[in-house]
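What follows is calculated from the coordinates using simple rules that are stated; it is not laboratory data. What you see is a predicted model, and the numbers here were worked out from it, not measured in a lab. Note that each Cβ is placed from the backbone with ideal geometry, even for glycine, and that neighbours are counted across all protein chains shown.
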Amino acid sequence: MAEQVMNRVKAVDIELKDKLVSVNRVTKVTKGGRTFSFSAIIVVGDENGIVGHGLGKAKEITEAIAKGIDDAKKNLIKVPILRGTVPHTQKGKFGGAQVLLKPATPGTGVIAGGAMRAVLESVGVHNVLAKSQGSSNPHNVVKATIDALSKMRDAIAVAKQRGISMDKVFNG
């Protein structure tokens, strides 16, 4: 948990690109009838290691997307990327959704399903093997993917955490 707090980033002076993951029409039933509104799941990222997700709900789709983008900018995290891929294999979980991220060699591309693909492309990963297991609910898959990415550590972070030199991380 403390590791995720350290990875948080402020959305100041960062050029963020947004991707719409899904739009849902939701209904509230009142005694006067049904009231329709829209919920939008948005992923934003700078394609250089920073990514965030957000949910927006409103009567109009455009308003829901705008609210989702604002929410996503409040939930940014920094992810280590090595040579266009993730540093190591990692599992992430949220609700019923489980995801598996594996590093891939250059030229592989992003092998991932819809909601995961949006997150991985927004963070700037170009080569990755990813598997979504369990629930295919886009909201939970996005959160599980962000969970897996937030657990990623590069060799420098591992050495610092263990209090040893970089040589010992690889040779020791």
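General remarks:
- Sequence-ordered 3J(HN,Hα) estimates for segment 85-101 from the Karplus curve with 6.51, -1.76 and 1.60 and θ = phi - 60° stand at 9, 7, x, 7, 5, 8, 9, x, 9, 8, x, x, 8, 10, 10, 10, 10 Hz, glycine and proline given as x.
- Cα long-axis angle, helix 138-150 against the chain (0 to 90 degrees, to the nearest 10): 20 degrees
- Taking each residue as 0.36 nm, the span from residue 29 to residue 61 lengthens on full extension beyond its C-alpha to C-alpha distance by 9.6 nm.
- Among the trypsin sites (Lys or Arg not before Pro) within segment 53-90, those in coil by DSSP and having at most 16 neighbouring Cβ atoms inside 10 Å are 59, 74, 83.
- C-alpha long axis of helix 114-123 to longest principal axis of the chain, angle in °: 50 degrees
- Rounded to 10°, Cα long-axis angle of helix 61-73 versus longest principal axis of the chain: 30 degrees
- Loop-located GluC sites (Glu not before Pro) in segment 1-109, at most 15 other Cβ atoms within 10 Å (DSSP): 15, 60
- Average Cα contact separation per residue, segment 79-146, under 8 Å, 6 or more apart, as relative contact order %: 39 percent
- Extension gain (nm, one decimal) between residue 151 and residue 100, 0.36 nm per residue minus Cα-Cα: 17.2 nm
- Checked against a 27 Å cut-off, the cross-linked pairs 67/143; 28/91; 19/93; 10/160 give Cα-Cα distances beyond that limit for 28/91.
- Mean separation of Cα pairs under 8 Å and 6 or more residues apart, divided by the residue count, gives the chain a relative contact order of 20 percent.
- Based on alpha carbons, the Rg and Dmax found for segment 110-172 are 15.1, 43 Å.
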